[in-house]
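Enquirer: Can you read through this structure? Questions will come right after.
A short reminder: the numbers here are calculations on the coordinates, not readings from a lab. Owing to the predicted nature of the structure, the values given are computational and were not obtained by experimental measurement. A quick note on method: Cβ atoms are made from the backbone with ideal geometry, for glycine too, and the neighbour counts reach across all protein chains shown.
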Amino acid sequence: MEQFNEIAGAFLCPGNYLGDEPYGSGHINDTFKAYYDVDGREVHYIHQRVNHKIFKDVPALMENIGNVVRHQRKKFEEAGANDLDRRVLTLIPTVDGKDYYVDSEGCFWRTYVFIEDAVGIDVVETTGQAFEAAKAFGEFQSQLANLPVRLHDTIPNFHHTRSRYDTLMQAIEEDTHGRACNVQAEIAFVKEREELVDLVIDLLASGELPERVTHNDTKLNNVLIDSATGKGKCVIDLDTVMPGSVLYDFGDMVRTTTNQAVEDEPDASKIWMDIDYFEALVSGYLETASGFLTPKEKELLPMSGRLITFEIGLRFLTDYLQGDSYFKTHREGQNMDRCRKQFAMVKSMEEQAEAMQAIVSR
Ligand code: ADP
Ligand code: GN1
Ligand code: MG
């Protein structure tokens, strides 16, 4: 494709460009695996078009990513890691020494070294994967604890659940696509749980919860798992790394690693929060995070699963009502099914709140 010749020519990837194919299952960016020939050897890169409708200031976002990966690399070096290029994302610079390229259509591109023999898993298969993912995200948070710069907010109010709630209420009122009639039960579900939305925001504001540098999008497929060893290899998708609460990160791990059905599973009988997976998640997370968590953060880990799953459910519902303009969809009603799955998970977590708390207290 002509466009890809332009992209390939813009970055200092060694070798001759062979081709690109769409890659991964992210909901936001357009990701491609690129093939290059280096002296008869096939070498891969990730070319990624950043969604600049969602990320309004891509240069600031790329500055964040540059700061984060440099800091992580230093931490891994200090810890004596031997396979640095697989532990942390490596940006390939453009021919004029920048971390991103603006193409002839005004779109923003970046290029990463492709991390071989590691996979992003969409649906958790084993408790070991839950353990490894949580351990990797905990290590990520711990590495960034003393990041010397303050990161830009790449999406303001990203985990401000109150503002997510208000946006949903507005979308219901406007009902621009005439879809509110299809989701009356979900709307009622949200309204019944309104008190949940202010909890973390209020504790952050009062200082009872500390603000930290967090990933903010810790779904399972944003950590690459080593295909040979099953170990967490590399935390990816750094677009939303910014000041936040560890509860946002832990909560999204609970959302995505404690049930073996897809994110848009329409069959309610397949959806429940599996406590064995939760237990694995807590063990993995505490292995790398227990050194810095405050008692309050630790106490709220089970609640964070409910909160973030509820919040992402709200966002899917809002996008459904607004005509599917934010998350990529591949069929009609997909955002509605995504929302229903999240709410079924919330319900299951409510039912198991005590058991979850007991695991964390142990
Ligand atoms: P999105 O924001 O759209 O989710 P991601 O940055 O998560 O985009 O990338 C999408 C997918 O591409 C990931 O889930 C992962 O499978 C794959 N991917 C991204 N970066 C790399 C990399 N450096 N090496 C290998 N695979 C990658
Ligand atoms: C998006 O980029 P991706 O697919 O890893 C979204 C997250 C949601 C997630 C739901 C920038 O994550 O916030 O939790 O979809 N990312 C952004 O699957 O909005
Ligand atoms: Mg992703």
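Enquirer: Quick one: length gained pulling D30 to A353 fully straight, 0.36 nm per residue minus the C-alpha distance? Walk me through the intermediate numbers first.
Expert: Numbers: separation 323, 0.36 × 323 = 116.28 nm, distance 3.76 nm.
Full extension of this stretch gives 112.5 nm more.
Enquirer: Tell me which lysines have Cα within less than 20 Å of K98's Cα, excluding those fewer than 8 residues away on the same chain?
Expert: Leaving aside lysines fewer than 8 places away in the same chain, those within reach of K98 are K56.
Enquirer: Let me ask another. So which of K135/K341; K33/K53; K219/K328 end up more than 19 Å apart, counting from Cα to Cα?
Expert: Numbers: K135/K341 25 Å; K33/K53 22 Å; K219/K328 16 Å.
Correct reply: K135/K341; K33/K53.
Enquirer: Rounded to the nearest 0.05, what FRET efficiency do D83 and E192 have when you use their Cβ-Cβ distance and R0 = 51 Å? Walk me through the intermediate numbers first.
Expert: Working: r = 49 Å, r/R0 = 0.95.
The computed FRET efficiency comes out at 0.55.
Enquirer: Check which residues have an amide H placed less than 5 Å from A118's amide H, if you skip close sequence neighbours.
Expert: Excluding prolines and chain starts, which carry no amide H, the hits are S227.
Enquirer: I would also like to ask the following. Out of residues 5 or more away from D237 or on other chains, whose amide H comes under 5 Å of its own, with H placed 1.01 Å from N in the peptide plane?
Expert: Long-range HN contacts for D237: none found.
Enquirer: Okay, moving on. Please rank C107, C13, C339, fewest neighbouring Cβ atoms within 10 Å first, as an exposure proxy. Intermediate results must be reported in sequence, preceding the final value.
Expert: Numbers: C107 16, C13 21, C339 25.
Ranking C107, C13, C339 by Cβ neighbours within 10 Å, fewest first, gives C107, C13, C339.
Enquirer: Using Cα pairs closer than 8 Å and at least 6 residues apart in sequence, work out the relative contact order for the chain, in percent. Walk me through the numbers on the way to the answer.
Expert: Values: 630 pairs, mean separation 68.1, N = 362.
So the answer I get is 19 percent.
Enquirer: Using Cα pairs closer than 8 Å and at least 6 residues apart in sequence, work out the relative contact order for the range 70-139, in percent. It would help to have the intermediate numbers written out before the result.
Expert: Details: 42 pairs, mean separation 14.4, N = 70.
Normalised by residue count, the contact order of the range 70-139 is 21 percent.
Enquirer: Would you mind checking the tilt of helix 334-351 against the longest principal axis of the Cα atoms of the chain, expressed as 0 to 90 degrees and rounded to 10?
Expert: 50
Enquirer: Could you give the distance between the Cα centres of the range 311-362 and the range 83-147, to the whole Å?
Expert: 25
Enquirer: Still on this structure: Suppose we take every Cα in the chain and form the convex hull; what volume per residue is that in Å³? Please report the intermediate quantities before stating the final value.
Expert: Working: hull volume 53.1 nm³, N = 362.
So the per-residue hull volume is 147 Å³.
Enquirer: At 222 nm, what value in deg cm²/dmol follows for the chain if DSSP H runs of at least 4 each add -39500 (n - 2.57) and the sum is divided by all its residues, to the nearest 500?
Expert: Working: 13 runs with 162 residues, N = 362.
Value at 222 nm, helices only: -14000 deg cm²/dmol.
Enquirer: A further question on this structure: What's the FRET efficiency of Q260 with Q184 using the Cβ-Cβ distance as r and R₀ = 25 Å, to the nearest 0.05? Can you show the working numbers first?
Expert: On the way: r = 29 Å, r/R0 = 1.16.
The computed FRET efficiency comes out at 0.30.
Enquirer: Relative contact order for the range 175-281: what is it in percent, counting Cα pairs under 8 Å that are at least 6 residues apart?
Expert: The value is 21 percent.
Enquirer: Rank these for me by crowding, T127, T161, T294, going from fewest to most other beta carbons within 10 Å.
Expert: With the sparsest Cβ surroundings first, the list reads T294, T127, T161.
Enquirer: Oh, and also: Mind checking which aspartates and glutamates have their C-alpha under 17 Å from K231, skipping anything on the same chain fewer than 8 residues away?
Expert: D83, D85, E116, D117, D122, E125, E132, E139, E287
Enquirer: Let me ask something additional. Calculated FRET efficiency, M169 and K74, Cβ-Cβ r, R0 56 Å, to nearest 0.05?
Expert: 0.80
Enquirer: Additional query: Within 14 Å, Cβ to Cβ, of K98, how many net charges do the neighbouring residues add up to if Lys/Arg are +1 and Asp/Glu are -1?
Expert: Working: positive: R110; negative: E63, D96, D99, D103.
For residues surrounding K98, the net value is -3.
Enquirer: Here's another thing I want to ask about it. If I fit a long axis through the Cα atoms of helix 246-257 and take the longest principal axis of the Cα atoms of the chain, what angle between them do I get, 0 to 90°, rounded to 10?
Expert: So the helix axis and the longest Cα principal axis differ by about 90 degrees.
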